[in-house]
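Novice: Got a structure for you, written out below as structure tokens; questions coming shortly.
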Amino acid sequence: MIVFGLFKKVVLADGTASYVTPIYTLVAGGGSVSLLPGWAAAIGFTLQMYFDFSGYSDMAAGLACCFGVRLPLNFYSPLQATSVIDFWSRCTSP
């Protein structure tokens, strides 16, 4: 779990950030972006945050297992939800 979480953080989250950050930097500096890059940045940022959180959670659970502690899952794939209600139930389910 530690290695899988590290992969999510380093490869997926940080890899996505390398594409998303320049777009947000351009806009923060007063520039503008067209529709497609704007949507790509919004979706990319969502995936970046998801993989960051998921990766750190996997690493924490893996490290806890090394010490004999079993942690519960933090969420049940909220980005696969089919509605807002399903999203929040996936984020808060035990």
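The values are calculated or read from the model by the stated rules, or taken from the named source; none is laboratory data. What you are looking at is a predicted structure, and each value in this text was computed from that prediction instead of being measured. Using ideal geometry, Cβ is built from the backbone for each residue, glycine included, and neighbour counts are taken over all protein chains shown. Surface areas here come from the heavy atoms of the whole protein model, side chains and all, with no ligands, DNA or RNA. Shrake-Rupley method; radii C 1.70, N 1.55, O 1.52, S 1.80 Å.
Novice: Determine the share of the chain's accessible area contributed by carbon and sulfur atoms, expressed in whole percent, with a 1.4 angstrom probe.
Specialist: Numbers: 4780 of 6550 Å².
Carbon-and-sulfur percentage of accessible area, whole number: 73.
Novice: Something else: Tell me the Kirkwood hydrodynamic radius of segment 33-76 in angstroms, computed as one over the mean inverse distance between distinct C-alpha pairs.
Specialist: 12.3
Novice: Select from Ser32, Ala61, Ser89 the residue farthest towards the positive end of the dipole of the chain; place +1 on Cβ of Lys and Arg, -1 on Cβ of Asp and Glu, and compute about the Cα centre.
Specialist: After comparing all options, I get Ala61.
Novice: Nearest 10 degrees is fine. How inclined is helix 35-66 to the longest principal axis of the chain, computing both from alpha carbons?
Specialist: Roughly 20 degrees, rounded to the nearest 10.
Novice: Accessible area per residue for segment 1-74 in Å², computed with a 1.4 Å probe and the full protein assembly in place, what is it?
Specialist: Ligands and nucleic acids excluded, the figure is 68 Å² per residue.
Novice: To the nearest 20 debye, what is the magnitude of the charge dipole of the chain about its Cα centre, counting +1 on the Cβ of each Lys and Arg and -1 on the Cβ of each Asp and Glu?
Specialist: My answer is approximately 120 debye.
Novice: Now a separate question. Between Ile43 and Met1, what is the FRET efficiency for a Förster distance of 35 Å, r being their Cβ-Cβ separation, to the nearest 0.05?
Specialist: So the FRET efficiency works out to roughly 0.85.
Novice: Given Cα pairs under 8 Å that are at least 6 residues apart, what percent is the relative contact order of the chain?
Specialist: Working: 91 pairs, mean separation 31.3, N = 94.
RCO, the chain: 33 percent.
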